[in-house]
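> A single structure is presented below for examination.
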Amino acid sequence: MSKPENLPPAAAIITAGGVGRRLGGPGPKQFLPLGGRPVLIRALDACLRADCLTAIVLTLPAEHLEAGAQMLARHGLAGRCRLTVGGATRQESVLAGLNALPAGIELVLVHDGARPLVDPELIRACLAAAGRDGAAIVAVPVKDTIKSVAEGRVAGTVDRRPLWRAQTPQAARLALLRQAYEAAAREGFRGTDESSLLERIGCPVAVVTGSEDNLKITVWEDMAMAEALLVAKEGKTPPPRIGHGYDAHRLVPGRALILGGVLIPHPTGLLGHSDADALTHALCDALLGALGLGDIGRHFPDTDPRYAGIDSLRLLAQVVELATARGWAVGNADLTVVAQRPKLAPFLAEMRARLAAVCQVAPEAINLKATTTEGMGFAGREEGIACHAVALLLPRERP
């Protein structure tokens, strides 16, 4: 589709004011990498490639405004859009975007920053429909059978033929959108999208057929789906991810010494809330680092009684499951144990086999080394043991 003819001056508001709590990542979902580029950059790039917008306003949380500016600069997009602070809700964020528009705009398109795979042609089609009819949304017809449910039981089957799932972009004449927002403010109405506000003032809203590819990133399964769609579209896989992990525990009498899931005879053992397997903990941290999901303490806090004395291989298995759910598999790992005593050479093969089994890789993919500090530091004084790990994650092969 070519650039719409006779289109009045148009601007886009990209809403990225949320923090993505349901995704559970280390930061706002719009900053997370998708196929090597941040989610938000992909959404912004689609708006730029539509080549029919006079201005673009980007709403971000106040605490991430500077990070957003730096991200734009890294991707060569500094100065291509206006940044403003979003609100606590989508409705407040869009209003903030409206207030940041330059003069002379007549048509406004609103798009979720968490919909990175929108096609520029869909943006143009939505703007053209809004320019013609006053307002328009992108939506897809419901394909599944819909049931009404009461108290855990099916109460009936809903006719799905008139039902559509709303997406973004959504567009409207600026005057109509301002009128809708003013009415909502007067009446204390909270809508779920721009269309719900426009409908309340009696504004007809045209529907442009969208695409199932135009998904919204909400949970990690959405990220995995988006990665798969990018592979299909662009014919390339996302780059591998590398993480580093480190852990150290104090050696004390009366504790078992467990490393890599193997019980090692020794007069002292490692102190910790779990079995204190520092080697497995370091590997967990390396994998979590590659996933961008913080560290082991965040996922398995030592204040949680569920993890008291737990076998750390079980924790590693949960981390591997997190990676699998996000579309990643362990490629290989390189681990080092720093300990003056005991001599670990007789146990390395078994440690390697156990860690490899949990990581679902061949033993050759887990490299394990042990070294001393020649009497230096806490490890040299036999006060504790430290472990380092570096792990590589690869995109999982998809059927």
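> Name the residue, out of R341, R306, R298, that is among the charged types (D, E, K, R) and either in a loop (DSSP other than H, G, I, E, B) or touching a residue at least 24 places away in the same chain (Cβ under 8 Å) (or both).
R341
> Within the range 383-396, is there a residue that is part of a helix (DSSP H, G or I) and either buried (at least 21 other Cβ atoms within 10 Å of the Cβ) or not assigned by TED's automatic domain parsing to the domain that holds M223 (or both)?
No, every residue in the range 383-396 fails to be part of a helix (DSSP H, G or I) and either buried (at least 21 other Cβ atoms within 10 Å of the Cβ) or not assigned by TED's automatic domain parsing to the domain that holds M223 (or both).
> State whether the residues of the range 165-180 include one that is part of a loop (DSSP other than H, G, I, E, B) and over 30 Å from G377 (Cα atoms).
Within the range 165-180, not a single residue is part of a loop (DSSP other than H, G, I, E, B) and over 30 Å from G377 (Cα atoms).
> Okay, next question. In this structure, does G272 turn out to be without any contact (Cβ under 8 Å) to a residue 40 or more places away in the chain, surrounded by 15 or more Cβ atoms within 10 Å (Cβ to Cβ) and not hydrophobic (A, V, I, L, M, F, W, C)?
It is true that G272 is without any contact (Cβ under 8 Å) to a residue 40 or more places away in the chain, surrounded by 15 or more Cβ atoms within 10 Å (Cβ to Cβ) and not hydrophobic (A, V, I, L, M, F, W, C).
> Name every residue in the range 83-124 that is polar (S, T, N, Q), touching a residue at least 40 places away in the same chain (Cβ under 8 Å) and part of a helix (DSSP H, G or I), in order of residue number.
Those that are polar (S, T, N, Q), touching a residue at least 40 places away in the same chain (Cβ under 8 Å) and part of a helix (DSSP H, G or I): Q91, S93.
> Would you tally the residues in the range 197-249 being within 23 Å of the chain's Cα centre (by Cα), part of a strand (DSSP E or B) and of a type in the set (A, V, I, L, M)?
1
> Residue check, I296 against (1) closer than 17 Å to L394 by Cβ; (2) touching a helix residue (DSSP H, G or I) at 6+ places or on another chain (Cβ under 6 Å); (3) β-branched (V, I, T), all met but one. Which one?
Going through the list (1) closer than 17 Å to L394 by Cβ; (2) touching a helix residue (DSSP H, G or I) at 6+ places or on another chain (Cβ under 6 Å); (3) β-branched (V, I, T), I296 breaks only (1).
> Something else now. Kindly provide the set of residues from the range 130-151 that are loosely packed, with under 13 Cβ neighbours inside 10 Å and either charged (D, E, K, R) or part of a helix (DSSP H, G or I) (or both), ordered by number.
R132, K143, D144, K147, E151
> May I ask you to list the residues in the range 71-82 that are surrounded by 15 or more Cβ atoms within 10 Å (Cβ to Cβ) and outside any loop (DSSP other than H, G, I, E, B)?
M71, L72, R82
Rundown of residues vs (1) polar (S, T, N, Q); (2) closer than 30 Å to G104 by Cα, yes/no style:
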{"residue": "A150", "(1), (2)": "no, no"}
{"residue": "T157", "(1), (2)": "yes, no"}
{"residue": "L177", "(1), (2)": "no, yes"}
{"residue": "A184", "(1), (2)": "no, yes"}
{"residue": "D193", "(1), (2)": "no, yes"}
{"residue": "V205", "(1), (2)": "no, yes"}
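> Being hydroxyl-bearing (S, T, Y) and surrounded by 20 or more Cβ atoms within 10 Å (Cβ to Cβ) is true for just one of T89, T59, T54. Which residue is that?
None of the other options fit; the residue is T59.
> Oh, and also: Kindly list the number of the only condition in (1) touching a Ser or Thr at 6+ places or on another chain (Cβ under 8 Å); (2) free of Cβ contacts under 8 Å to residues at least 12 places away in the same chain that fails for R153.
It fails just one condition, (1).
> Yes or no: D302 modelled with pLDDT under 95 and surrounded by fewer than 18 Cβ atoms within 10 Å (Cβ to Cβ)?
yes
> Inside the range 346-382, can you point out the residues that are over 31 Å from the mean Cα position of the chain (by Cα) and outside any helix (DSSP H, G or I)?
L368, K369, A370, T371, T372, T373, E374, G375, M376, R381, E382
> Also: Given the criteria more than 19 Å from T268 (Cα to Cα) and not in a helix (DSSP H, G or I), does G331 qualify?
Here the answer is yes, as G331 does meet what is asked.
> Given (1) over 19 Å from A386 (Cβ atoms); (2) touching a helix residue (DSSP H, G or I) at 6+ places or on another chain (Cβ under 6 Å); (3) hydrophobic (A, V, I, L, M, F, W, C); (4) surrounded by fewer than 21 Cβ atoms within 10 Å (Cβ to Cβ), where does V330 come up short, assuming only one miss?
Failed condition: (4).
> If you don't mind, another one. Evaluate the range 247-257: report whether one residue or more is at pLDDT 95 or above, in contact with a Phe, Trp or Tyr (Cβ under 9 Å, 6 or more places away or on another chain) and small (G, A, S).
Yes, that holds for at least one residue.
> If you check every pair at least six apart or on different chains, which have Cβ atoms under 6 Å apart with a residue in the range 353-380 that is without any contact (Cβ under 8 Å) to a residue 40 or more places away in the chain first and a residue that is polar (S, T, N, Q) and part of a strand (DSSP E or B) second?
Hits for this filter: A365/N332; K369/T336.
> Of these, Q360, Q340, which one is polar (S, T, N, Q) and at positive phi?
Of Q360, Q340, the one residue that is polar (S, T, N, Q) and at positive phi is Q360.
> Go through the range 247-263 and count every residue that is touching a residue at least 60 places away in the same chain (Cβ under 8 Å) and surrounded by fewer than 17 Cβ atoms within 10 Å (Cβ to Cβ).
Matching residues across the range 247-263 total 1.
> What tally of residues in the range 364-398 results from selecting those that are in contact with a Lys or Arg (Cβ under 6 Å, 6 or more places away or on another chain) and farther than 19 Å from L263 by Cβ?
1
The values are calculated or read from the model by the stated rules, or taken from the named source; none is laboratory data. Quick caveat, the model's predicted, so the values are computed rather than measured. Heads up, the Cβs are rebuilt from the backbone with ideal geometry, glycines too, and the neighbour counts pull from every protein chain shown.
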